[in-house]
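Working notes, structure below.
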Amino acid sequence: MEFDKKGDLWFTDQVNNAIWRYFPTDERFEMYRVPTNGSYPSSIAFDSQGRVWFSEIFGKKLGVIDPAKASNNTTSGMEEYQLNISEDEGFETMGPLTITNEGDKNTKNETVWFTAVNFPEIGHVIKFDINKKKFEVLKLAEGVGVPVGIVKDDKGMLWVNDHATNLFFMIDPQTGEKIKYSTSLPTSRNNTTTLPYYNMYRDGKLWFNEHEGDTIAYFDIANLTLVEFQIPSKGEAWGNTSNPLQFTLDNNGSAWFTERTENKIGFLDSERAKNLPLWISANSSSIKLDKEIDRNGKSIKIFVYPNRSNLDAGMTEESVQMTVAGTMSYTGKLWNLTGQFSKEKFYFPEGSTEPQIVTLKLTPDKDLEPGNYMLTLGARYGTVTYSKMLDLNVK
């Protein structure tokens, strides 16, 4: 459900195959019926003209309502656009959508972006040019499997979650540039991926849930830092995960989420999300690794800073565990690359506010493909993992 600029609330109704509009000032509802039977409407977004766009999960169409032409309990003011992609091409169902404007202040060149998937193997990011009424399937970054969550930030960049891997990625709609990032490695069970799922954007941060990672996370886009909060519920029959699915943020910035297999509603307080037990930095934001020159390894320094007040507020002092992941494999595990910390675990000295210095030695295998990757360097304390993204250039 979404509020429009007038303050009216729009939401989808799969049972009645309709889109609803609630007028808070009049305390009344209107229902607009989708022409395609059994379409299963989902995910609402508004364009600059106030039109309401929605995806049809089973109808496999993109729908739009012109509120000025809509009439209660009819299909008036509604149009649908058929996407001609078969299941063999990876189109079993449609995912969330968002809208960007690639024009200037005087020109509207708006695009509807959405995901389409064929679980659990393949998917697409698809754009629909509103002016030209034309669909285009984007070529995804290598290693991306099943894109689901999609959202835009304040700069018009698109952020997409891959629900088949450890990865999430950014797309620049203007240039087509794509940058992949990895979550930290999962703690729910060893031989799995975190499966980033739905996402939303607020105040410079990309929020998302990790389906198998059993966490709620946010990615600070400007600082390239990722903070992941493990959910206490652990369903053993489901691989020690609570299956967190839908989530939202309230007006205070706290996260509310569902735990599908635990039959619970979860809550992450905004103060806890801000007041972290530690944070990290590195002596460089990028690493150049030459497979020949650096065949015996290259090291970087990581500084792990305690937030003393939050550490002391905990029930017990726990060890800090260092973590590293990367985009060279869909699992986030380093592939054809060895990462060795000078100390895997450590304790902060009692009362100390000084950083612990940890060295990470990266040793390339001869089979490591040259190219650009992103490393996720993290420190895990209790149920919180704080990570910093670093560019890795291999030649």
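The values are calculated or read from the model by the stated rules, or taken from the named source; none is laboratory data. All values reported here derive from a predicted model rather than from experimental measurement. Note that we place each Cβ from the backbone using ideal geometry, even for glycine, and neighbour counts take in every protein chain shown.
Filtered by the rule that a residue be of a type in the set (Phe, Trp, Tyr), more than 23 Å from Gln246 (Cα to Cα) and free of Cβ contacts under 8 Å to residues at least 40 places away in the same chain, region 24-63 gives a lone residue, Phe29. Within region 243-286, the set of residues being crowded, with 17+ Cβ neighbours inside 10 Å and touching a Lys or Arg at 6+ places or on another chain (Cβ under 7 Å) comprises Asn243, Leu249, Ile280, Ala282. Filtering region 164-182 for residues that are over 13 Å from the mean Cα position of the chain (by Cα) and surrounded by 24 or more Cβ atoms within 10 Å (Cβ to Cβ) leaves an empty set. The residue that is nearest to the chain's Cα centre (by Cα), counting only those in region 302-352 that are buried (at least 16 other Cβ atoms within 10 Å of the Cβ) and of a type in the set (D, E, K, R), is Lys333. Return yes or no: is Glu317 touching a residue at least 24 places away in the same chain (Cβ under 8 Å) and at negative phi? Yes: the conditions hold for Glu317. Residues that are within 15 Å of Val151 (Cα to Cα) and either outside the structural domain of Phe114 (by TED's automatic domain parsing) or in a strand (DSSP E or B) (or both) within region 181-216 comprise Pro196, Tyr197, Tyr198, Asn199, Met200, Tyr201, Arg202, Lys205, Leu206, Trp207, Phe208, Asn209, listed in sequence order.
Restricting region 15-24 to residues that are surrounded by fewer than 14 Cβ atoms within 10 Å (Cβ to Cβ) and not in a strand (DSSP E or B) leaves a set whose member that is modelled with the lowest pLDDT is Pro24.
When Phe303, Phe257, Phe341, Phe348 are checked against the criterion of being assigned by TED's automatic domain parsing to the domain that holds Leu167 and aromatic (Phe, Trp, Tyr), Phe257 stands alone in meeting it. None of Asn191, Asn223, Asn209, Asn240 is buried (at least 17 other Cβ atoms within 10 Å of the Cβ) and either of a type outside the set (Ser, Thr, Tyr) or modelled with pLDDT under 90 (or both) except Asn209.
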